[in-house]
Structure formats: structure tokens, C-alpha cells
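Colleague: Pasting a structure below so you can have a look.
The values are calculated or read from the model by the stated rules, or taken from the named source; none is laboratory data. Here the structure is a predicted model, which means the values were calculated and not measured. Methodologically, a virtual Cβ is constructed for each residue, glycine included, from the backbone with ideal geometry; neighbour enumeration extends over all protein chains shown. Calculation scope for accessible area: heavy atoms of the full protein, side chains included, ligands and nucleic acids excluded. Shrake-Rupley method; radii C 1.70, N 1.55, O 1.52, S 1.80 Å.
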Amino acid sequence: MTRELHKEQELPICQEGCVHPDKIRQVERQMPDDDRLYDLSEVFRVFGDSTRIRILYALFESELCVCDIAELLHLSQSAVSHQLRILKDAKLVKFRREGKRIAYSLDDDHVRSILSLGMEHVEE
């Protein structure tokens, strides 16, 4: 199947040929600044990797150590550690020490909500 859109699949475009200044001003007042939008795009970039999503979803269910995650997802501990570092830097996961064991979990309820809403959208 070709990636080009067929005529009936093309998105409609505005035929009016004018702008609506009131709407533009309203949106401009509500738009976050570019730095904030960049930070948001970085969060979504982190979510854009299926291995990281699998790790997040595992942590959605339970707090786990690297060994558990590696076994569950059939990945090396090194690969899991690398992905956990990215997730931690993005403030999506956190860890706590329990003697020699380090247990990972989702950072907060916002991460849980993002995963839930994403899954809800996919299942529609």
C-alpha cells in the first residue's frame, strides 16, 4: 500500500482564506513558552521507545529491581539499567535502597495517569 493519501483520504483545508485574530490572541495567551514546550516534547520522546514503555508498564504494576525487570522483559540487566537511567533522568521513575537491593517504581501518579490515558486511547 502506498503512503500517499488517496483523494478521499486527504485532510480538508480551510477554503475561507482568512485568519481569526481573536482566536489567535486567545491561544497565544494560553500557550506555554518554547522552553516549557521543549521540555514536554522531551518527556514524550522518552515515552517514544517501546522498551521504556514496557519497563514503565511493568513498574505500573509493581515496584521491581533491575533483575526482576530484566527477567520479566527478557532483556539484559545492562539494557534495563541503561533504560532506567533515561527514565530516571526524565523524572519518570525513582528508586529506593533496601540493603543491597535497589527497587524501582514510577516517580508519581502523573506517570501512572499518562500510561493509563495512553492505554485508554490505544484501546478505543
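Colleague: Of the residues Asp35, Asp68, Asp108, which exhibits the maximal mean-square fluctuation in a Gaussian network model of the chain defined by a 10 Å Cα contact cut-off?
Modeller: Asp35
Colleague: Please give the solvent-accessible surface of Ser81 in Å², to the nearest 10, using a probe radius of 1.4 Å with every protein chain present.
Modeller: 40
Colleague: Helix-derived [θ] at 222 nm for the chain: sum -39500 (n - 2.57) over DSSP H runs of at least 4, divide by residue count, nearest 500?
Modeller: It comes out at -18000 deg cm²/dmol, rounded to the nearest 500.
Colleague: Leaving ligands, DNA and RNA out of it, rank Arg36, Arg52, Arg85 by accessible area with a 1.4 Å probe, largest first.
Modeller: Ranked list, largest accessible area first: Arg36, Arg85, Arg52.
Colleague: Each residue of the stretch 13-28 in order: what ³J(HN,Hα) in whole Hz does its phi give by Karplus 6.51 cos²θ - 1.76 cosθ + 1.60, θ = phi - 60°, with x for Gly and Pro?
Modeller: Couplings: 10, 5, 9, 6, x, 9, 9, 10, x, 4, 5, 4, 4, 4, 5, 4 Hz.
Colleague: If you place +1 on the Cβ of every Lys and Arg, -1 on the Cβ of every Asp and Glu, and leave all else neutral, what size is the dipole of the stretch 52-124 about its Cα centre, to the nearest 20 Debye?
Modeller: It works out to roughly 540 debye.
Colleague: Answer with one residue from Leu56, Val66, Ser41: the one whose Cα lies farthest towards the positive end of the charge dipole of the stretch 37-87, charges on Cβ with Lys, Arg +1 and Asp, Glu -1.
Modeller: Ser41
Colleague: Another question about this same structure. Let me check against my output: what whole-number percent is the relative contact order of the chain, with C-alpha pairs under 8 Å and at least 6 apart?
Modeller: Once normalised by length, the contact order is 19 percent.
Colleague: If you roll a 1.4 Å probe over the heavy atoms of the protein chains, what accessible area per residue do you get for the stretch 44-118, in Å²?
Modeller: 61
Colleague: Percent of accessible area on the chain owned by carbon and sulfur, 1.4 Å probe?
Modeller: Exposed carbon and sulfur together represent 53 percent of the surface.
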